[in-house]
Amino acid sequence: MSVGVHHRYEVSGILVCESPLSVGGWGESPTADLPLARNATGQLLIPGTALAGVLRHALQRWYTVLGHDSQPIDDLFGFVEPRTQHGTASRIRFDDAVFLGPGAAVPTIRTGVGIDRVTGSAASGYLYTQEMVPSGGCFRFRMIGEEPLSRARLDTPDQQALRPAQDTAEAIEAILHMLSRAELSIGAGQSKGLGRIRLTGVRTRQIDLSSRKELLSWLSGTRPWQPYQAPAAGGGASGATSETGSRPGWLTVSINWKPLSPVMVRESYPGLVVKTLPLTRHEYAPNGYGRVRLVLPGSSLKGSLRTTAEKIVRTLLERDVPADAAGSSAGLGAALEEDLPGIGPLFGRPPARNPGDKTNESGWRGVLQIEDCLSHGHVGLLDWQRLTEALTKAPISESQPSPRAPVSSPASGGRSPRPGPRPGPRPRGKEPRSSAAAARDQRSIERLDDRYVLNSVLNGLGGKDGLQLRVSDHNSIDRWTGGAADARLFSVLEPVATRWSPLILALDTYRLSLAPGEHQADICLILLINVLREIVEGRVDIGTNTTRGFGQITAAAKDIHFTGSDLPAPWSALTGLTLEDILGELPKPVVTALEHWSDLLTTESSLSGETP
């Protein structure tokens, strides 16, 4: 059915990745299990269907949180009545957003792994690789909206109300408001800090198709574009952001923390000179300039917090992980599907593998989002490439000249990175050594030369805004001799005195209200506060090698802040407070939530036949 158009709205701009982006495509990739979407010519893109889906959900949520009528959503994005032919086409169209660059922002690979709940090590069958567009990647954005002559529902032609419609203009204003403030995420891993996008360089133009003059100017290409000015916090027609700049219905928890020991997440590929490397995140500017920061990915942080939350719930319920769940992918899958109070709504549950389980047939995406945590220090992309070459190149051969004097630096702890001069020729009169011993000596010399080159590069990474890294050597102990075990020496490139950005947790209270079960908000509130208390008490470790002294952090209760706007109870009672304020004098909604938490534990314990 053809519908008359009164006004046409056109928007163009550049979508910039504020965090790594992973919009999956069809097909296989030799480098990643989860490849990026590409068109027929091999160009990276964000499908228009993905943009439409995210923005439709965002508008639906905005209408609901702010108490507006959500009926226009079907008119704006189209609908089809189930088992009928009644419906309407979308009035808003999104083109595929094609990758524009910069050219240096090539896709990166990030590796993820599931943690076995019994052994604490990597779970079998849960290793995966994910292809991502790095931060700073740009995509072309184009959106077209049409305002019909009348607003009518095709399923009730006898009740059509012939009146001018302004829903399209208001929806476009709300979309631009949210995109220009980087309030939306797209693609996979949104709850792990991935996919946050910002719309920049926005231009708009409006054409009144009932005006002959405007119609001719549009057809001739002379209709001018107007730059879009994002309204200040609390302004704009959409009202999509509160006066405090917070997203409506989102509770944000900011945790200012400090490391007590080296904190890092291990890079998936090993080096030749140094075995274990820290994970980094590349960021690119539109001019192609790049810089590199250390990163604690949201997936790792979410895993640490989920493990802590599960430990709390299992301890209170005296419900341990089944012993037969260790060492198998089925065991981890069963542990993730287990219905523990508060765990599923907060952190998510996978779809049930049992076809008969109708309570969790499609799974649940957790309402808690955790952003990547970045180091304050950074280095230029070229400097990092020099370091990577020094870490991953083959050992220096005998034909290459050997470096001379070593240079000490704060990154190496004031010690010489090369313990002594290179061994000279064998003195006369001594018996020649065996070929194995000579080869071992040669390898030692090559390692010293490579280590010298590496430390020379590390010296140049420090500075006011740089990264302080050092090489730490470790070895295993022979259980019989008590000495160093043969061929068990390994090294770690670890951060030193690194300052990190705050941990940012964002909780979607609107989606939590849709979670099945009674008093889910109260249960999740108490569980979240308990997890934050564990962080304050120093019982939450993050990153790699946490059983070897790495990953210890500290945070004061006064440095954990709660902010938000348009929040329902009980979350509204936390706005503007710190964890110290909450624990010092519990707000009344928190007391009520604690009573519901206690009742739940009593019920769960009685069902399992245990004493609470």
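Each row is one residue, and each column tells you yes or no for (1) more than 15 Å from residue 61 (Cα to Cα); (2) outside any strand (DSSP E or B).
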{"residue": "178", "(1), (2)": "no, yes"}
{"residue": "182", "(1), (2)": "yes, yes"}
{"residue": "191", "(1), (2)": "yes, yes"}
{"residue": "194", "(1), (2)": "yes, yes"}
{"residue": "197", "(1), (2)": "yes, no"}
{"residue": "203", "(1), (2)": "yes, no"}
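Restricting the search to the stretch 529-586, which residues are closer than 30 Å to residue 268 by Cβ, in a helix (DSSP H, G or I) and polar (S, T, N, Q)? Result: 546, 547. Taking helices (runs of 4 or more DSSP H) as the structural unit, those lying wholly within the stretch 317-407 and holding at least 3 residues that are open to solvent by less than 40 Å² (accessible area, probe 1.4 Å) and either small (Gly, Ala, Ser) or modelled with pLDDT under 75 (or both) correspond to 329-337. The condition of being farther than 30 Å from residue 260 by Cα, of a type outside the set (Val, Ile, Thr) and touching a strand residue (DSSP E or B) at 6+ places or on another chain (Cβ under 8 Å) holds for residue 567.
Taken together, 595, 534 contain a single residue that is among the acidic types (Asp, Glu) and under 16 Å from residue 314 (Cα atoms), which is 534.
Every residue, every condition in (1) in contact with a helix residue (DSSP H, G or I) (Cβ under 6 Å, 6 or more places away or on another chain); (2) under 13 Å from residue 522 (Cβ atoms); (3) at pLDDT 90 or above; (4) exposed (fewer than 15 other Cβ atoms within 10 Å of the Cβ), yes or no:
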residue	(1), (2), (3), (4)
559	no, no, yes, no
565	no, no, no, no
577	no, no, yes, no
581	no, no, yes, no
585	no, no, yes, yes
591	no, yes, yes, yes
601	yes, yes, no, no
605	no, no, no, no
611	no, no, no, yes
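Please verify whether residue 87 is in contact (Cβ under 8 Å) with a residue 24 or more places away in the chain, surrounded by fewer than 18 Cβ atoms within 10 Å (Cβ to Cβ) and in contact with a Pro (Cβ under 9 Å, 6 or more places away or on another chain), treating the condition exactly as stated. Here the answer is no, as residue 87 does not meet what is asked. For the stretch 190-208, the tally of residues that are out of contact with any Ser or Thr (no Cβ under 6 Å at 6 or more places or on another chain) and within 23 Å of residue 100 (Cα to Cα) stands at 8.
Could you please let me know if residue 48 is on the phi < 0 side of the Ramachandran plot, without any contact (Cβ under 8 Å) to a residue 60 or more places away in the chain and open to solvent by less than 40 Å² (accessible area, probe 1.4 Å)? Considered against the rule, which asks whether it is on the phi < 0 side of the Ramachandran plot, without any contact (Cβ under 8 Å) to a residue 60 or more places away in the chain and open to solvent by less than 40 Å² (accessible area, probe 1.4 Å), residue 48 comes out as yes.
Residue-level check: of (1) in contact with a Pro (Cβ under 6 Å, 6 or more places away or on another chain); (2) within 19 Å of residue 196 (Cα to Cα), residue 35 misses just (1). Given the structure, is residue 495 open to solvent by less than 40 Å² (accessible area, probe 1.4 Å) and under 20 Å from residue 257 (Cα atoms)? Here the answer is yes, as residue 495 does meet what is asked.
Evaluation of residue 98 against the conditions (1) touching a helix residue (DSSP H, G or I) at 6+ places or on another chain (Cβ under 9 Å); (2) more than 30 Å from residue 265 (Cα to Cα) shows that the sole unmet condition is (1).
Reported count of residues in the stretch 117-172, each being at pLDDT 70 or above, among the charged types (D, E, K, R) and closer than 22 Å to residue 6 by Cα, is 5. Set side by side, the residues 132, 143 differ, and just one is over 25 Å from the mean Cα position of the chain (by Cα), surrounded by 19 or more Cβ atoms within 10 Å (Cβ to Cβ) and outside any helix (DSSP H, G or I), which is 143.
Take the conditions (1) touching a Leu at 6+ places or on another chain (Cβ under 9 Å); (2) at pLDDT below 85; residue 309 misses just one of them, which is (2).
The values are calculated or read from the model by the stated rules, or taken from the named source; none is laboratory data. Note that this is a predicted model, so its numbers are computed, not measured. Here the Cβ is made from the backbone with ideal geometry for all residues, glycine too, and neighbour counts use every protein chain on show. Side chains are part of the model used for accessible areas, which takes the heavy atoms of the whole protein and leaves out ligands, DNA and RNA. Shrake-Rupley method; radii C 1.70, N 1.55, O 1.52, S 1.80 Å.
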